[in-house]
1. Take the residues in region 44-75 that are buried (at least 22 other Cβ atoms within 10 Å of the Cβ) and of a type in the set (A, V, I, L, M), then tell me which one is farthest from Ser129 (Cα to Cα).
2. Do you know which residues across region 481-495 are within 22 Å of Gly645 (Cβ to Cβ), out of contact with any Gly (no Cβ under 8 Å at 6 or more places or on another chain) and either assigned to a helix (DSSP H, G or I) or at pLDDT below 90 (or both)?
3. Looking only at residues that are surrounded by fewer than 19 Cβ atoms within 10 Å (Cβ to Cβ) and not hydrophobic (A, V, I, L, M, F, W, C) in region 441-455, which one is nearest to Leu771 (Cα to Cα)?
4. Can you find a residue in region 296-303 that is at pLDDT below 85, surrounded by fewer than 16 Cβ atoms within 10 Å (Cβ to Cβ), among the hydroxyl-bearing types (Ser, Thr, Tyr) and in a helix (DSSP H, G or I)?
5. State which residue is nearest to Leu277 (Cα to Cα) when the search covers only region 760-793 and only residues that are assigned to a helix (DSSP H, G or I) and not hydrophobic (A, V, I, L, M, F, W, C).
6. Tell me, which residue of region 446-480 that is assigned to a loop (DSSP other than H, G, I, E, B) and of a type in the set (D, E, K, R) is farthest from the chain's Cα centre (by Cα)?
7. If you take the residues of region 469-492 that are among the charged types (D, E, K, R) and closer than 25 Å to Val634 by Cβ, which of them is surrounded by the fewest Cβ atoms within 10 Å (Cβ to Cβ)?
8. Only residues that are touching a residue at least 40 places away in the same chain (Cβ under 8 Å), surrounded by fewer than 22 Cβ atoms within 10 Å (Cβ to Cβ) and either of a type outside the set (A, V, I, L, M, F, W, C) or assigned to a strand (DSSP E or B) (or both): list them for region 118-128, please.
Amino acid sequence: MQALAEDLRAATRGLTRAPAFVASVVLPLALALGANVSLFTVIRGVLLRPLPYPAQERLVRIYRTFPGGPDQGGPLSALNYTEDVAGLPAFSGMAAWAAGSVSLGGDGPAEHLRLGFGSATLLPVLGVSPLVGRWFDPDEEQPGRDRRIVLSHALAVRRFGGARPALGRTLLLDGDPHEVVGVLPPGTELPELCDAWVPLAFQPASLEPLARNRHVLRVVARLAPGSTLEGARRQLADAGRRTLAQHPEAYSSPFLFAPLPLHEDAVRSVRPTLVLLLGAVVLVLLMACANVGNLLLARATSRHRELAIRSALGAGRRRLMWQLLLESLLLSALAGALAVLLALATTGALRSIGPELLPRMQALRVDWMVLGFACLASLVSGVAFGLLPALAASSLDIEGTLRGGAASMRPRSRRLRRILVMADVGLALVLLCAASLLLRSFVNALGVDPGFRAKGVLTFSTAVPVPDALDHGAGQARLRSYYLRAAETLRGVPRVESAGAASHVPLALHASDRLFELESDGTGTAESRSEEFRVVTPGFLETLRIPLLQGRRIEATDDAGAPPVVVVNQAFARKLFPGVDAIGKRLRLTSPRTEWTTVVGVVGDVREFGLDQPVQPIMYFPHAQQPQAEMSFVVRTSGSLEDTGRTAIAALEALDPQCPAFGLRPFESLLSASVAERRFTLLLVVAFAALAVVLAAVGLYGVVAYSVRQRTREIGVRMAVGADAGRIARLVAGDSARMLAVGLASGLLGSFAAARLLAGFLYGVGPADPLAIAGAALVLALAAVLATVLPVRRATRVDPVIALGAE
């Protein structure tokens, strides 16, 4: 221990005498380590942290999956849940939920809520308990007995000032009174983020045979003691086959029920992105280690007399190696401490990304595992960049050094420095190629025609409360009346050019398919006739300037008493009516069944689910004939979006204070949000690639500049015997060019391998895109030229008299 303490003191003294060297090592290494620690903080919070449920590894989501289809599967219907998968011995409990929205009234102003509909078994299956009060009882899952509500902690505080004051209070949900029976703990992670929960009560219509294909339920289950995931998979697959055999009229496409671990379900969508970013920051850290290794080699050369004297005084090679490695570990420890501070500073910024891009961001924090990772990364980095320089420095030409010779580092050490630089260049090219491919993909996605014109358009939503006390006809009339008056009110707002509403607007990422049959077949093959369903008011298609291709759009005359009509998009007409005119064709919805509806128009295709996603067939029905309680308005204005938005919201609040407007935003923000994940990934990879280019350029500059210093006498001799500045410049630049060429060649091979891993992130560009690779190589070559200019200039200005005299 005494020897270790002495070595530590000696290493510390040596480093404190070279503050500039310490800064040049610690700062870039701290940036690279900080990027790794920050990203690991995200990975820890999103991917590695277990869900906050007892025995969370026993929880699974149950999906419908299709052979050969997308592996994410789909939700279940009420009959799937209550009949097809219920009671399987593989599970000790099963629960279901759905999500929607509601207008909240009662104590305080009206507001819009994200509302969850949960079964009585949901919290018991998850193993969660309310903070105060209780969850729902099974007998409250019956229509008419479901007037109970459990609030999130945030809503209870906002509405009543706390959890306990909320108990027993009454809130109006769409005009119907609900008693508050419980409040969830703060920060509770349920599978759906909702402001409040009510019992999942199945209406009679949802349990009819025709509703078997109405898939809206999310289902979670807990494996029974002794059951395995594979056993549950077999039982669910058998249940799917039984369902198909018993209800052939309801399904024309084969499917299976399948389990997926709940944790995997929560994080699978973001795992590829995080793994990609982790790979990028690891490459940056490797480059930083290579650069620091070069600096340590250079410093060891400048200390050759000190090391030679120690060796002559009896210090063996192992002791010299240990002393140099200890200095490297001290530098890495200091860089690691700065990296942790950087991670702490960036955690808040990372949380601000929000659940729109990454799930479980509320679990993001620097904990013991993150600190352990920082310590391990610092230790490994210190050994990585310190071991080779220590080996090289400890093999100095001791005898020549003590006789007063110069340049005592052996050729093997010089080759090592060049290899490290070539590795830097290769790694930088890999990152640059990745950034170039992602950039081209991002540009391609932005260049896609969305099928509508978003500039100058606002969007927001409203929900009309329809109390259960109103009969069906009166409720439908209320919905028609409100949205008719609301559209007229919005068109009267100053500088508003047009306005309309739809059940779901493009790029809002809301799927809503409905089953239908065509008049021509009459077979009712519902599963094979299921496409996206939208309800729109007159003016919606015009406001978004979705082009009319055939027939007409939805008009004001398409009211409740008019013949049923529908407008379809071009993809629908092409798929369902190939080679024939769609106008005049008839279809009818089957769940619930409607009258035969005539196609009166064909409009252009729009990108509903993302600029980089394929076009979907869509049916547009008139709101007056298919009334909906919640609709999203679009308003085109020639004035300020902010001023028009305020005026429009105020006008609707004056029209009916019980119908709150929410989600006001420019429509162009939906375009931006549709590529937000691509943008996030691109920005980080570009930042890492830029850092990699800087590290590669600095490393190349250091080696070339060091080579010029080492070869000063040689250059002086050459110039003394007649070599001009051009020949000297070619000599030095040629050395740099050879290192660059070898680095680019090795990096090119790595880039092809990395590009194949990037295939899932690319859009409109292949992994081996020559333009992207050539652009990356060109950027790196330019950086190399800039890094070489100064050493070349210094070499051409060597005075041979001074150089030879110094020798």
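The values are calculated or read from the model by the stated rules, or taken from the named source; none is laboratory data. Quantities reported herein were computed from a predicted structural model and do not represent experimental measurements. Neighbour counts run over all protein chains shown; Cβ positions are idealised from the backbone, glycine included. Accessible surface areas use protein heavy atoms only, side chains included; no ligands, DNA or RNA. Shrake-Rupley method; radii C 1.70, N 1.55, O 1.52, S 1.80 Å.
1. Residue satisfying both the conditions and the ranking: Ile62.
2. Step one: of region 481-495, the residues within 22 Å of Gly645 (Cβ to Cβ) are 482-495.
Within this subset, residues satisfying the condition of being out of contact with any Gly (no Cβ under 8 Å at 6 or more places or on another chain) are 482-486, 488-490, 492-493.
Those that are within 22 Å of Gly645 (Cβ to Cβ), out of contact with any Gly (no Cβ under 8 Å at 6 or more places or on another chain) and either assigned to a helix (DSSP H, G or I) or at pLDDT below 90 (or both): Tyr482, Tyr483, Leu484, Arg485, Ala486, Glu488, Thr489, Leu490.
3. Going through the qualifying residues, I end up with Asn444.
4. Yes, the conditions are met somewhere in region 296-303.
5. As a first pass, look at region 760-793 and keep what is assigned to a helix (DSSP H, G or I): 760-761, 770-793.
Filter once more, so that each one left must be not hydrophobic (A, V, I, L, M, F, W, C): 760, 770, 775, 788, 791, 793.
Values: Gly760: 14, Pro770: 23, Gly775: 21, Thr788: 31, Pro791: 35, Arg793: 39 Å.
Per the criteria, the residue is Gly760.
6. To start, the set of residues in region 446-480 that are assigned to a loop (DSSP other than H, G, I, E, B) comprises 447-456, 464-471.
Filter once more, keeping what is of a type in the set (D, E, K, R): 449, 453, 455, 468, 471.
On the way: Asp449: 23, Arg453: 26, Lys455: 26, Asp468: 40, Asp471: 45 Å.
This residue is Asp471.
7. Initially, region 469-492 is screened for residues among the charged types (D, E, K, R), giving 471, 478, 480, 485, 488, 491.
When the remaining residues are screened for being closer than 25 Å to Val634 by Cβ, the result is 478, 480, 485, 488, 491.
On the way: Arg478: 18, Arg480: 18, Arg485: 13, Glu488: 11, Arg491: 14.
So the residue we want is Glu488.
8. Gly127
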